[in-house]
Amino acid sequence: MLEMEHNGAGSRGAERAVGERSGAAAGGAAPAAVADPELVERPARRRFSAEYKLRVLRQADACTRPGEVGALLRREGLYTSHLTYWRKQRDAGALEALSRPRGRRPADRRDVENAELRRRLERAEAELEKARRVIEVQGNVSALGRAARAEGRAGEHRAMIEQTVEELTPLVGTRPACRALGAAVATIYRRRTPPAPRPQRPRPVPARALSESERRAVLDLLHSERFVDSSPAQVWATLLDEGRYLASERTMYRLLAANGEVRERRDQLRHPAYQRPELLAEQPNEVWSWDISKLKGAAKWTCFYLYVILDVFSRYAVGWTVQQREAASVAEALIAQAVEQQQITRGQLTVHADRGSSMTSKPVAMLLADLGVTRTHSRPYTSTDNPYSEAHFKTLKYRPAFPDRFQNIEGARAFCRVFFDWYNHDHRHSGIGLMTPAAVHHGQAKTLYAQRQRVLAAAYAAKPERFVRGAPQPPTLPSAAWINKPTTEEVTH
């Protein structure tokens, strides 16, 4: 059972009800395109191809002098057990079978022609999008430049142009972007590659450093068959137990690093560096944020799951439901119904969420791909990457009527019906100029703002002495809502 913002009414009927309550039906120009952030790949374990295994085996077989195999293993980050297992595979003929090229049957001529036509169409659409983006940026920069020069902010205008050039460079290239915005190419290149610092003097060799013969002896020992699979700490401790001392543990690491033989040899996950999501909403239905929160049940360790989809710009709850469990199928149905009710077109919307199992599930990802909706995710263990949903849940749970526990799921749904009706239509939100989310979402904010201005102007005309700071103005209407807004330094550089 899904509970949307009007609880069971059809999508068109629900929109009419919202329009009557807000004062008019929803409207507005088509939203601007949202940049598609790059998705980060999942961590993957280290893989070895058949060609790589054969190449390493050939190099190992060519090693004839003592220590050469040890140096090869440390340089490649391998153990002797790798060579043993790979030799068995080679003797069994498995590596040669994997290294042979495999191909498919020749494709049909019509399929080849269709594929070529699709590629041409995609290239044409990409070029058209580039041209549209350049024209849009030229208009924005020109308008902002006139205002900046009029106010004496030429430096900010130059920084804005340079930042815009960097944004257009991946689309059209550096020189075309500079020509479109009137920027100097040399200035852009100079900012990208600052002058290199002067080289430092070579460090003198300390008098207590190991001699060349001593360094060679340490490396030969580390490359030996006895210690090739041992860490420098184990080698150092073993030698001490035998009454020998060649060098410190740190010196052994330095000698190995100088030869490029210090690598991670354990088979473990390598986690990528996650990028910080930066999303901008300048009108409703441009960026949505959704999350799941637990509502305590009657007994200990029991709870219900509240799904909420929030519009980032208007703070309007476009969809919600209370369920017995957290499941990708519930999230898929909720998102699909919200997209249908809000009449979202392809390429219009970005949906942001954290990295929970339902948010990153394949059913949700495939649904968003089919609907033409861009999806982004927060960084791991970074709650501030999804601030609007977190703040909304705090508003819910700090309500005076919010109970400690819900006796059953019907009671939880009944409470949420009252709450979301109040939140969307009666709650004056401080983040959107003390307007209700419904008023901002359905385009009534400007009318209400003008009415507030008239009321304040009449109050000022009647008793001007009471307003010591001059004519009062209503709270500013929202113009943009950011998730991780870039800092001034990021925009400048």
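Counting only DSSP beta bridges with both residues in segment 222-375, tell me the antiparallel percent, nearest 5.
That works out to approximately 75 percent antiparallel.
Would you kindly find the accessible area of residue 248, with a 1.4 Å probe and non-protein molecules such as ligands, DNA and RNA excluded, rounding to the nearest 10 Å²?
Per-residue accessible area (residue 248): approximately 40 Å².
Ignoring ligands, DNA and RNA, please state the percent of accessible area on segment 348-493 from carbon and sulfur, probe 1.4 Å. Write down the numbers at each step before the final one.
Details: 4450 of 8170 Å².
That fraction is 54 percent.
Under a 1.4 Å probe, what is the accessible area of segment 337-493 per residue, stated in Å²?
Details: 8840 Å² over 157 residues.
For segment 337-493, the per-residue accessible area is 56 Å².
Using a 1.4 Å probe and counting only protein heavy atoms, arrange 429, 442 so the residue with the most accessible area comes first. Mind showing how you got there, number by number?
Numbers: 429 35, 442 5 Å².
The ordering from most to least exposed comes out as 429, 442.
Dipole of segment 236-391 (Lys/Arg Cβ +1, Asp/Glu Cβ -1, origin at the Cα centre): which of 273, 338, 243 lies farthest to the positive side?
Highest projection toward the positive end goes to 243.
What does the charge count near residue 48 come to, summing +1 for each Lys or Arg and -1 for each Asp or Glu among other residues with Cβ under 12 Å from its Cβ?
+2
Between segment 194-249 and segment 263-308, how far is it from one alpha carbon centroid to the other, in angstrom?
47 Å
Report the net charge of residues surrounding residue 301, where surrounding means a beta-carbon distance below 13 angstrom and charges are Lys +1, Arg +1, Asp -1, Glu -1.
+4
State whether segment 420-459 is rounded, prolate or oblate according to the following rule on the C-alpha gyration tensor (a ≥ b ≥ c being the square roots of its eigenvalues): a/c under 1.5 gives rounded; otherwise a/b larger than b/c gives prolate, and the remaining case gives oblate.
prolate
So which GluC sites (Glu not before Pro) in segment 204-310 are both in a DSSP loop and have at most 10 other Cβ atoms within 10 Å of their Cβ? Intermediate values should be presented prior to the final figure.
Numbers: sites: 212, 214, 225, 242, 249, 261, 264, 278, 282, 286; in loops: 225, 242, 261, 264, 278, 282, 286.
The qualifying sites are 242, 264.
Based on the mean of other Cβ atoms within 10 Å per residue, sort peptides 385-395, 179-189 so the most packed one is first.
Those peptides, ordered most packed to least, come out 385-395, 179-189.
Which lysines have a Cα lying under 17 Å from the Cα of residue 88, excluding residues fewer than 8 positions away in the same chain?
Qualifying lysines at Cα under 17 Å: 53.
Beyond a 19 Å Cα-Cα separation, which of these cross-linked pairs lie in this structure: 394/485; 296/397; 446/485; 294/394?
Details: 394/485 22 Å; 296/397 11 Å; 446/485 25 Å; 294/394 12 Å.
Violating the 19 Å Cα-Cα cut-off are 394/485; 446/485.
The values are calculated or read from the model by the stated rules, or taken from the named source; none is laboratory data. Computed from a prediction, not measured in an experiment: that's the story for all the values here. Methodologically, a virtual Cβ is constructed for each residue, glycine included, from the backbone with ideal geometry; neighbour enumeration extends over all protein chains shown. Side chains included, ligands, DNA and RNA excluded: accessible areas come from the protein's heavy atoms. Shrake-Rupley method; radii C 1.70, N 1.55, O 1.52, S 1.80 Å.
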